[in-house]
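Take a look at the structure below.
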Amino acid sequence: MDATPPLTRAGARLAGAVVAALALAALVLRWRAPGLAWLGLPAHAWAGLLLLALLALRLMVLAVEAGRRRLPWTRLLLPAVLLMEGLGVVLKPGPRWQALRLSTAAVLEMGFLLLALRAWLRRPRRSAGLPEDALIPAFEAFLPPGLARMTALELVLIGGALRFLLGGWRRPDPEGFGYIKKAGLGMILPALPFLLVGDLVLLEALTRHAPAWLRIALHVLGAYGLLWIVGLWASLRARPHTVRAGVATFHRGILASLCLPLDGIEGVEAMPAFRDDWARLAFMRQVMTFGARGAPCLLLTLKEPATPLGLLGPGRPKARVRVFVDDPEGLRRALGF
């Protein structure tokens with residue numbers, strides 16, 4: 001089955017931008033101009049109806065593509081649930097519909113978790129790949145490739161954070177060229193418990209007159225943000241740069257990676273000096289960055305532009321790579337320069 005998306009990349013981005021704009025417009029109109037109406041219907045309701053119409057059109061396009069065997073039929077599940085959720089918010093048909101909305105959302109969430117657990121348990125035990133490699137193909141049956149990759153990486157990041165907190169911090173660093181000894185994020189970790197206490201006190205002070213559900217949601221988001229920071233640090237530690245079998249692999253934790261054949265590297269040098277910040281900004285637009293800030297860095301010049309792999313998939317090809325690494329001379333020798 002051809003996994004080509006039904007829209008071109010530019011068309012998909014345009015559709016996503018229109019959906020985001022309509023959703024933002026509906027929220028702003030509901031908040032700032034709830035009394036604004038047109039043809040007897042509130043303005044925010046018109047924005048919501050346009051959003052649902054676009055979602056219904058998207059669902060029809062997906063159905064056509066699935067009928068042509070270009071996509072699995074399971075890709076229609078999430079848009080259909082979102083459309084039903086939106087109709088429930090706009091039309092407010094009754095308690096039975098509301099119960100159906102909540103139950104389908106809960107079933108979908110549990111389905112994703114069970115799917116992730118099944119893919120994780122069925123992965124090869126001695127596989128040299130990354131943990132998300134087993135999850136992404138399973139999620140692509142229900143989600144667009146970029147969203148499937150981001151969902152898998154989020155699960156891996158949170159799982160890495162829990163593993164790190166439950167004793168993973170005692171494990172030795174894996175082989176490779178690390179980049180965390182002088183990273184600023186590592187200096188923040190010991191202060192996270194104090195930041196959590198300060199967050200609780202500050203949010204309680206700022207939201208003491210807010211509804212209880214809002215206060216609970218803000219506390220949960222704050223705790224999740226701290227867990228995300230721990231997971232990011234764990235991924236920085238678990239994914240050093242490596243040079244093996246004629247291929248150099250560079251990481252920025254779980255956020256990005258790049259694989260380069262050694263014969264594709266033209267030169268390795270230190271970062272140049274810049275006459276001002278504007279010159280530095282113009283130069284850095286053509287540079288990919290891997291590692292964590294704080295460590296020494298090297299600048300790699302490539303014979304041809306290379307494409308990095310980020311949270312949403314492949315990024316823009318570039319011919320320069322800035323690599324932060326604790327042992328720059330060791331990495332230089334391993335690269336053959």
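The values are calculated or read from the model by the stated rules, or taken from the named source; none is laboratory data. As the structure is a prediction and not an experimental result, all values here were calculated from the model. Note that we place each Cβ from the backbone using ideal geometry, even for glycine, and neighbour counts take in every protein chain shown. With ligands, DNA and RNA removed, areas are computed over all heavy atoms of the protein, side chains included. Shrake-Rupley method; radii C 1.70, N 1.55, O 1.52, S 1.80 Å.
Need the full-extension length gain, residue 213 to residue 158, defined as separation in residues times 0.36 nm minus the C-alpha distance. One decimal, nm.
So the extension gain works out to 17.4 nm.
How much accessible area per residue does the range 142-292 have, in Å², with a 1.4 Å probe?
Computed with neighbouring chains in place, this is 58 Å² per residue.
If ligands, DNA and RNA are left out, what is the accessible area of residue 103 with a 1.4 Å probe, given in Å² to the nearest 10?
Its heavy atoms expose roughly 50 Å² to the probe.
Residue 262 versus residue 61, label points 7 Å from Cα toward the beta carbon: distance in nm?
Modelled inter-label distance: 4.6 nm.
Would you mind checking the range 293-318 for residues with the amide N under 18 Å from a putative spin-label position 7 Å along Cα→C-beta of residue 285?
It comes to 316-318, nothing else.
Scan around residue 289 for amide H atoms under 5 Å from its own, H built in the peptide plane at 1.01 Å from N, and keep only partners 5 or more places away or cross-chain.
Residues meeting the amide H criterion: 322.
Under a crude label model (7 Å from the Cα following the beta-carbon direction), how far is residue 113 from residue 188 in nanometres?
So the label points at residue 113 and residue 188 sit 2.8 nm apart.
Net charge near residue 215: determine it from the other residues with C-beta under 10 Å of the C-beta of residue 215, scoring Lys and Arg +1 and Asp and Glu -1.
Summing Lys/Arg as +1 and Asp/Glu as -1 gives 0.
Using θ = phi - 60° and the Karplus curve 6.51 cos²θ - 1.76 cosθ + 1.60, what whole-Hz ³J(HN,Hα) does each residue of the range 215-223 get, with Gly and Pro shown as x?
Coupling constants for the range 215-223: 5, 5, 4, 5, 5, 5, 5, x, 5 Hz.
Give the residue list of chymotrypsin sites (Phe, Trp or Tyr not before Pro) in the range 268-336 that are DSSP loop and have at most 14 other beta-carbon atoms within 10 angstrom.
274
Spin-label point model (7 Å from Cα, Cβ direction): what's the residue 173 to residue 312 distance in nm?
3.2 nm
How much length is gained if the chain between residue 304 and residue 69 is pulled fully straight, taking 0.36 nm per residue apart and subtracting their Cα-Cα distance, in nm to one decimal?
So the extension gain works out to 81.0 nm.
Counting only residues 5 or more places away or on other chains, whose amide H sits under 5 Å from the amide H of residue 179 once H atoms are built in the peptide plane?
326
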